[in-house]
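One structure is given below, encoded as structure tokens.
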Amino acid sequence: MALLKFTQSSVNTAKCPANQTKQELTDLNCKGLVLEVRKSGGKTYYLRYTNHRGRQRQFRLGNAKVLTLQQARIKCRQALNQIANGEDIFDNKSQLRLVPTFASFVEDHYLPYIKSYKRSWNTDVSMLKVHLLKRFGKMYMDEITLNHIIKMHYERKASGGAPGSANRLLVLMRYIFNLAIKWNTPGIKSNPTKGIPLMEENNKRERYLSVDEAQRLYNAVCQSDVHMLQFIVPMLILTGARKREVLDAKWNDFDLGRRLWRIPTTKSGKARFVPLSDGAIGLLQTVPRLEGVDYVFPHPKKGVPYASIFYAWNKARTLAGLTDLRLHDLRHSHASFLVNAGRTLYEVQHILGHSQVSTTQRYAHLSPDTLLAATNSVHKALGNMFVPRIGPVIDTEEE
């Protein structure tokens, strides 16, 4: 290795000896600055240094045909200053190479994880494919910033998407980055979605059955050609369970003695317990059992759960004059009946299996009668305190 006092002219004219493939020149005026001159004519500036563990490292500063000598010396001194402050720029560079792109993290880590527990993982796949991978797929995870997320969030709404659609993308990105942090993914120290509020959603559809509507619906399902519908629909109303939870229910999931239904796999991927009312117990005792079949509400000929009951359901709700009623509204209605009976949101939350009470808030529907009863409690507490006294009306104001 030759030691020289570099000048811009000497760098420009430096050549590799004919009998070598490359030659290294060290600058006497800048500690650690090395110029590599290759037989091909290429030239590269390097910083050579010893790290805090006594290991020699060589860090590429840049192409000598692009960087001037002065620029190379500035970069070299800046790097040496970082090293003096305890940073190892070589290790930092190695760490950068380990940072995954958004697409590779999703493919190699996120999707395998959610497929192991999340029943609705295909919804995530759809949102990723249609919206997020096109925008962020080629970016490295540490390149995605707060501004990128804000732009994505508001552009989704501006392009015609509902606030709820934009919010789902934000929530998904937040979850992905939270997992990246939890798994110590290289380069990910903070979540770029932090602090971005969800858009206000005014499109949440509230539909609850009245007692009269519930009776009309039951009369209609009892006339259905799908015999099991007269048991499935009441079970949905009486337990507040989700459609798939009822359709996939097995007899060994029920402990009638303890009045409990254990749902082994829920939307969150965790088991939960649903208390069984007198009505639910009575309903289960009337469900016809098929010999050798574990399912409670199976297809009578196939012995397996129904893949879909939409056509039978649609016919029944039309007959009942409830064409705007969805199957999921039966879960809403269960919560509504609970709240109108005076049960607390805490109780409703645990019966429905919500992890957050904020999710239960949308089910806190109160009928006008319930509200009237609530406000009348004030009058009952005060008695006739504010009943006007009978007597002559004396107007003391002067005209």
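Structure summary
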| quantity | calculated |
| --- | --- |
| One residue from Y218, Y175 being within 30 Å of G303 (Cβ to Cβ) and aromatic (F, W, Y) | Y218 |
| 1 or more residues farther than 30 Å from K243 by Cβ and either basic (K, R) or at pLDDT below 90 (or both): qualifying helices (runs of 4 or more DSSP H) within the stretch 83-170 | 89-98, 133-136, 146-158 |
| Cross-chain or 6+ apart pairs with Cβ under 7 Å, the stretch 59-74 first and surrounded by fewer than 13 Cβ atoms within 10 Å (Cβ to Cβ), then basic (K, R) and part of a strand (DSSP E or B) | K65/K43 |
| Enumeration of residues in the stretch 272-299 that are β-branched (V, I, T) and part of a loop (DSSP other than H, G, I, E, B) | V287, V293, V296 |
| Qualifying residue in the stretch 120-133 (condition: under 15 Å from the mean Cα position of the chain (by Cα), within 30 Å of L229 (Cβ to Cβ) and touching a residue at least 60 places away in the same chain (Cβ under 8 Å)) | yes |
| Members of the stretch 228-252 found to be surrounded by 14 or more Cβ atoms within 10 Å (Cβ to Cβ), farther than 22 Å from E347 by Cα and more than 28 Å from the chain's Cα centre (by Cα), listed by number | M228, L229, Q230, F231, I232, V233, K250 |
| Selection status of G54, closer than 28 Å to G86 by Cβ and exposed (fewer than 11 other Cβ atoms within 10 Å of the Cβ) | yes |
| Candidates V246, V293, filtered to the one that is without any contact (Cβ under 8 Å) to a residue 60 or more places away in the chain and either closer than 23 Å to A320 by Cα or not assigned by TED's automatic domain parsing to the domain that holds S308 (or both) | V246 |
| In the stretch 131-180, residue farthest from P192 (Cα to Cα) [restricted to those that are of a type in the set (S, T, N, Q) and surrounded by 15 or more Cβ atoms within 10 Å (Cβ to Cβ)] | S165 |
| The stretch 174-202 - residue that is among the polar types (S, T, N, Q) and out of contact with any helix residue (DSSP H, G or I) (no Cβ under 6 Å at 6 or more places or on another chain) and, of those, nearest to I114 (Cα to Cα) | N178 |
| Which listed residue, of K267, K315, K250, is of a type in the set (D, E, K, R), modelled with pLDDT of 90 or more and closer than 30 Å to K115 by Cα | K250 |
| Qualifying positions in the stretch 11-51 - among the basic types (K, R) and surrounded by fewer than 17 Cβ atoms within 10 Å (Cβ to Cβ) | K15, K22, K31, R38, K39, R48 |
| Looking only at the stretch 42-64, and only at residues there that are modelled with pLDDT under 90 and part of a loop (DSSP other than H, G, I, E, B), the one that is farthest from the chain's Cα centre (by Cα) | G54 |
| The stretch 2-32, residues that are farther than 16 Å from R73 by Cα, more than 57 Å from the chain's Cα centre (by Cα) and not basic (K, R) | A2, T13, A14, C16, P17, A18, N19, Q20 |
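The values are calculated or read from the model by the stated rules, or taken from the named source; none is laboratory data. If you're wondering where the values come from, they're calculated on a predicted model, not measured in any experiment. Because the Cβ atoms are built from the backbone with ideal geometry, glycine has one as well, and the counts that use them run over all protein chains shown.
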